[in-house]
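Step one of this worksheet: look at the structure below.
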Amino acid sequence: MAETETETTPDSISPDRADDVAARIEQFLDALMAIAREGDPGRGVSLLLVEVSEVLLAGAGLAVREDFTPASEFQPDAGPDPDLDAMREQLAVMLGGADVYGEVFDPYLPEDLVPSRLSDDLTSVATSLAHGLRHYRDGRVREALWWWQYSYVASWGAEASGALRALQSIITHDRLDADTDVDATTLEAEAEQLAAADEMLTESRPASP
């Protein structure tokens, strides 16, 4: 548990709960780097689905609480963000053609589908979470909780949600061979992405005896 002499956790969350959130985030970061290093697409997609789901649950738990406030007006320097470029590149290689997916940033606004990358989104989520974790490890628990809550609403919640939908779609198409209704202008692009996802998972599946 992080300790500090200058601040306490907010009344709306217990010190043990703050520790649980930090542990969940640390687990996500460790798992994400391990999945990227392993580079096994079949196993990796399944594990990513679980890890992203669980870290989103932690983020949602913070988002629905009352707003946390930082201990001071100006955010303390948590040091430089980690260099996660190598991890991002490893994820992109592992995911192959399934790395690019279509995302709608706001389902309540009539926006066109825009391309996004799982490797970019997962790395961006990891960067935001790691920033708050450095505050937590330095004993600035209130600052960490504020940052995780704020950045969940502002960025990483949407990024992780988009990634979760894409990962779920890969597994759905692989398991159910589901047909998706699309218009003629997007049919070819979607077919290529689904073929890439299917090939990625098929290559890693053990051969039948």
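Every number here is computed from the coordinates shown, using simple stated rules; none is lab data. As the structure is a computational prediction, the values presented were derived from the model and not from experiment. Here the Cβ is made from the backbone with ideal geometry for all residues, glycine too, and neighbour counts use every protein chain on show.
Numbers below:
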quantity: Least to most buried among Arg37, Arg117 (fewest other Cβ within 10 Å first); calculated: Arg37, Arg117
quantity: Convex hull volume of the stretch 96-164 per residue (C-alpha atoms, cubic angstrom); calculated: 75
quantity: Sorted peptide list for 136-149, 87-100, 38-51, criterion being average Cβ within 10 angstrom, highest first; calculated: 136-149, 87-100, 38-51
